[in-house]
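Have a look at the structure below before the remarks.
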Amino acid sequence: MMLATRFRSIRQNMFTAAAFSTQSIDSNDSPPHRFKYDAPWLHYSNQSHPDVMNFINGSFQPPADATRLTSSSYIECRDPSTNKVLSYVPESSIKDDTSTTPSSLEQAVTAAKEAYPSWSSTPVQTRQRLFLEYAHFLHKKEVREEIAYWITLENGKTMADAMGDVWRGLEVVEAATRVGNDMMGDSLQNLSSGLDTISYRVPLGVCAGIAPFNFPAMIPLWMAPLALATGNTYVLKPSEKTPSATMLLASYLHDLGLPPGVLNVVNGSRDTVDEILTHPDIKAISFVGSNSAGEYIHDVGSKNGKRVQANLGAKNHATILMDDADRASTIKAIVGAAFGAAGQRCMALSVIILVGDMSESQGWIDDVVEEGKKLKVGNGFQDGVDVGPLISKEATERAERIIQSSIDEGATCRLDGRGVVVD
C-alpha cells in the first residue's frame, strides 16, 4: 500500500512566560534540518533549505510562476525551539498584472470548481464511507505520531500536546462519518389546498478554510472533513508557521481515495488570504484565529458575498468557589489550563477569580505558584518537558511586554518565566 512508505523513515497577580531561543542565527549559514519522516511536500532547489509546495488537484506542486516570486514572497518557517529555519513558505497569490500564469490559489480554486459536479453528486453514503476509512487510518498510533512530529517541530508544543491536537481533530472526522442525517431536508404535505412544500439541503460549492498556527491538525480537521462529507470541495490555507501537518493530512486523504481537486492546500499569508476573500468562485469561508484577523476576514468576505464563520479571540476566565472546590485537583487544573501549550490557545486561562475568605485565597495562590514551578520548559521532543516554546521571538517579546506593563501598573509577579535558560 502506498501509505506504508510514509513510515520509513494575562493581567493578573501571577505571570509566567514560556522560553524561546533568542540566539542569533544566520538562516543562510545554518544547515538544512534532517527530518525524521519523508516529506514529499518539500522541494529542494539550489538554496540550502527546502520550499513548501502546495497540494493542488491531487499532487504536490511548486508555486505557480515561481520565477516571478521574489525573496519577499517567501516566509521563513522556523523551529520555535532553536529559531533555525526549517523551510520557506511561498505566497500562493501573485500580485503581478503582467503575469499570464494563474496563481497557485487560482489553480486550486479551478481544480476544486471542476471537481465539484462529480463530488457533489457522489452519494452521501460513499462520502461518509471514505471518512470512516480516514478515521480508522488516523486511529493508528504510528500515523498520529507522524502527524504529531511535524506539529512539535514547527509549532513547538510537546509531543503529548501534539498527539492531543491530532486526537481532537480525529473526533470531528468521526462526526463526518454520520453526516447523512444532517443532510436530510423536510417536507410538509397539504400546506395549502393542493400545495406541498419540500426543502433540500445541498452543498454550496467551493469552500475555503483559513487555519491558525496553534492547532495545526485539529482545526484543519474541524474545517475540511465536514465540508467535504456534505458534498462541497475545499481550498485550505494552513498557517505559514505550521504548514506540514495539513499537507500530510491532505495527502493521507487523497491516498485513501479522495478524488483529485476535491481538497486542495495552498500556502501563504495575507496576500493569499485576500485572494481567498475576494475570489468569485469561493462560496463560504471558515476562519479560526485572532480578533483583528477574524474581523477583517468576516468584513471583507461578507462584502464579497461569501458566507463567513469566524471563531476568534476566545478567553477562559475561571471562577473558583473555594469552599466547594477540591483544592488539590483544582490547583492542577488551573496550572494545566493556564500554562499548557505555552498559553497559545483560545481557551488558555488568563484570569482566576477566587470566591471566599480573602485570607484563604492567598494560600491558593501560593499553591498555584508552587505547582507552576514544577513545570519543565524545553524542547517539545524531550521527555519530561511540560511547556514548549512560544511560536516566535516576536510572540515572546510581546508576552514579556505584557508582563512588564502589568508590573508597572501594580501587579505582583509571583512566578517569572522571563529569561528562562533551556538545556
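For region 183-192, the criterion of being more than 16 Å from the chain's Cα centre (by Cα), closer than 20 Å to Thr126 by Cβ and in a helix (DSSP H, G or I) is met by at least one residue. Hey, any hits in region 196-212 for a residue that's in contact with a Pro (Cβ under 8 Å, 6 or more places away or on another chain) and within 30 Å of Lys36 (Cα to Cα)? Within region 196-212 (the criterion being in contact with a Pro (Cβ under 8 Å, 6 or more places away or on another chain) and within 30 Å of Lys36 (Cα to Cα)), the answer is yes, since at least one residue qualifies. Of the residues making up region 164-174, those that are over 27 Å from Arg78 (Cβ atoms) and open to solvent by less than 50 Å² (accessible area, probe 1.4 Å) are Leu170, Val172, Val173.
Quick check on region 392-401. Is at least one of its residues acidic (Asp, Glu), over 21 Å from Met159 (Cα atoms) and more than 20 Å from the chain's Cα centre (by Cα)? Taking every residue of region 392-401 in turn, at least one turns out to be acidic (Asp, Glu), over 21 Å from Met159 (Cα atoms) and more than 20 Å from the chain's Cα centre (by Cα).
May I ask you to list pairs of residues, at least six apart or on different chains, whose Cβ atoms are under 9 Å apart, with the first in region 235-248 being within 20 Å of Asn57 (Cβ to Cβ) and the second being crowded, with 24+ Cβ neighbours inside 10 Å and among the basic types (Lys, Arg)? Close Cβ pairs satisfying both conditions: Thr246/Lys237. Just so you know, in region 218-246 the residues that are of a type outside the set (Gly, Ala, Ser) and out of contact with any helix residue (DSSP H, G or I) (no Cβ under 8 Å at 6 or more places or on another chain) include one that is farthest from Phe35 (Cα to Cα), and it is Met223. Listed by position, the helices (runs of 4 or more DSSP H) contained in region 94-163 that have at least 2 residues being closer than 17 Å to Leu263 by Cβ and open to solvent by 20 Å² or more (accessible area, probe 1.4 Å) are 104-120, 124-138. Annotation note: of Val308, Val273, Val262, Val300, the sole residue that is at pLDDT 95 or above and open to solvent by less than 10 Å² (accessible area, probe 1.4 Å) is Val262. Note on region 264-301: residues that are under 21 Å from Ala108 (Cα atoms), of a type outside the set (Asp, Glu) and part of a helix (DSSP H, G or I) total 9. Scanning region 241-248 for any residue that is surrounded by fewer than 24 Cβ atoms within 10 Å (Cβ to Cβ), farther than 22 Å from Val109 by Cα and not aliphatic (A, V, I, L, M) turns up at least one such residue. Of the residues contained in region 194-213, none is found to be assigned to a helix (DSSP H, G or I) and either buried (at least 24 other Cβ atoms within 10 Å of the Cβ) or of a type in the set (Asp, Glu) (or both). Consider Gly417 carefully, then state whether it is of a type outside the set (Val, Ile, Thr) and closer than 24 Å to Met163 by Cβ. Taking the combined requirement at face value, the residue does not satisfy it. Residues in region 124-133: is at least one β-branched (Val, Ile, Thr), farther than 24 Å from Trp41 by Cα and in contact with a Lys or Arg (Cβ under 9 Å, 6 or more places away or on another chain)? Looking through region 124-133, none of the residues is β-branched (Val, Ile, Thr), farther than 24 Å from Trp41 by Cα and in contact with a Lys or Arg (Cβ under 9 Å, 6 or more places away or on another chain).
The values are calculated or read from the model by the stated rules, or taken from the named source; none is laboratory data. The shown structure was predicted, so the numbers you read here are calculated from the model rather than taken from an experiment. For neighbour counting, all protein chains shown are included, and Cβ atoms are generated from backbone atoms with ideal geometry for every residue, glycine included. Side chains included, ligands, DNA and RNA excluded: accessible areas come from the protein's heavy atoms. Shrake-Rupley method; radii C 1.70, N 1.55, O 1.52, S 1.80 Å.
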